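Novice: Handing you a structure now.
No value in this document is a laboratory result; all are computed from the given coordinates. Bear in mind the structure is a predicted one, so any value in this text is a computation, not a measurement. Every residue, glycine as well, gets a Cβ built from its backbone with ideal geometry; the counts of neighbours run over all protein chains shown.
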Amino acid sequence: MGMASFAVALMVTMVIMSHCLYGKEFYGGQEIKLQRLLKQLNKPALKSIKSEDGDIIDCVPITSQPAFDHPLLKNHTIQMRPSFIPESDFTYTKKNATAITQVWQKNGECLDNTIPIRRVKKEDILRAKSIQSFGKKTLPNILQVTSADQFRHEYAYTGVRGGKFFGTKASINIWKPYVATPNEFSLAQTWLVSGVGLSRNTIEAGWQVYPQIYGDNNPRLFVYWTSDGYQKTGCYNLLCAGFIQTNKQYSVGGVYANVSQYNGIQLELNLLIWKDQKTGNWWLRINDDVFMGYWPGSLFNSLGDGATDVQWGGNSGTTFGSHFYYGGPGQNVKCP
């Protein structure tokens, strides 16, 4: 395959929940900043599609997407397809495979040379802790966690470390876990990681239920990145300049139309992330045949030499000691 190492895993993941941070109103200068952010993220669209889940999907010219607000991408030439697709000896045979679709697709599709972007609403930003933190992960400082802390991040994952990795593959079962309050979340994903502390670089993709960001409890496709340990850089989806989407079929942040059922239909998100050795960009492919786009190599520093860790698993945020429903899917009314 020409790569030092390529990590692959098949996984079925079910995750958990969290507690509350309610919305607020901004005034004066903050209101001006909020409106500026809305204008920055909601680019002029050639077509808009109203989804039955409440989302509005804007079909934005591919060259106008938020990624190109990044100073390092001002003169970037879009790579429409990867220069190669990695091969592996990993095989997976689908049984009774069901097409993975998003709800908004029922009402239309985007034009050629445009991409579907979920429109950001004012109330989406109001649910965040602050304008600056909108669309970003809020990870605790492990060194400062005390027994008095109530909101906890919990992880269940497996991985490999200490090597040089240039890709990851995962098959993740899609569920709709119960999330009780606005800032609780539950997600399943794969990570590529390099560096430590403030120099940590990550590339992440999977599905999540996160009402603080989206305003509902629906499972959604997501991507994430950071180049400074989740401090100032990076964000979910297209909520900042970074990830470049090239595909018009799916929306990052879009709601899945169907989820897995206990003793019934099983739906899986198949992910492949790899470094294009010719360009240095990190590509994302979903559902085995959809090239969603890429994280430009120029966004990162330590990932330029490959990842040192690859992980697969789940992450949830919850108020410690609350909202845990025993039994899992099909065994508890809170876990459909």
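Novice: When we measure straight from the Cα of Lys248, which lysines land under 17 angstrom away, once same-chain ones fewer than 8 places off are left out?
Specialist: Here the lysines satisfying the reach criterion relative to Lys248 are Lys43, Lys47, Lys50, Lys106.
Novice: Quick check on the exposure proxy: order Tyr262, Tyr224, Tyr250, Tyr178 from fewest to most C-beta atoms within 10 angstrom. Don't skip to the answer; put the middle values down first.
Specialist: Numbers: Tyr262 12, Tyr224 26, Tyr250 21, Tyr178 17.
Placing the least packed residue first, the sequence is Tyr262, Tyr178, Tyr250, Tyr224.
Novice: Quick one: if you stick a label point 7 Å off each Cα along the C-beta vector at Tyr230 and Tyr155, how many nm between them?
Specialist: Result: 0.8 nm between the two label points.
Novice: Another question about this same structure. Can you give the direction-averaged projected area of the convex hull of the alpha-carbon atoms in the range 172-233, in nm²?
Specialist: On the way: hull surface 18.0 nm².
Projected area, direction-averaged: 4.5 nm².
Novice: Something else now. For labels at Thr279 and Asp216 in the simple 7 Å Cα→Cβ model, what's the distance in nm?
Specialist: With each label point 7 Å from Cα toward Cβ, the separation is 3.2 nm.
Novice: What is the fewest-to-most order of Met292, Met80 by other Cβ atoms lying within 10 Å of their Cβ? Before the final figure, lay out each step's value.
Specialist: Values: Met292 24, Met80 11.
The order, fewest Cβ neighbours first, is Met80, Met292.
Novice: Exposure proxy check: Phe165, Phe291 ranked by fewest other beta carbons within 10 Å?
Specialist: On the way: Phe165 23, Phe291 19.
Fewest-to-most Cβ neighbours within 10 Å comes out as Phe291, Phe165.
Novice: Related question: Note down the nm distance, to one decimal, between modelled labels 7 Å out along Cα→Cβ at Ser298 and at Ser48.
Specialist: 3.2
Novice: Additional query: Within straight cross-link reach of Lys164, meaning Cα distance under 13 Å, which aspartates and glutamates are found once same-chain residues fewer than 8 apart are removed?
Specialist: Output for Lys164: Asp305, Asp309.
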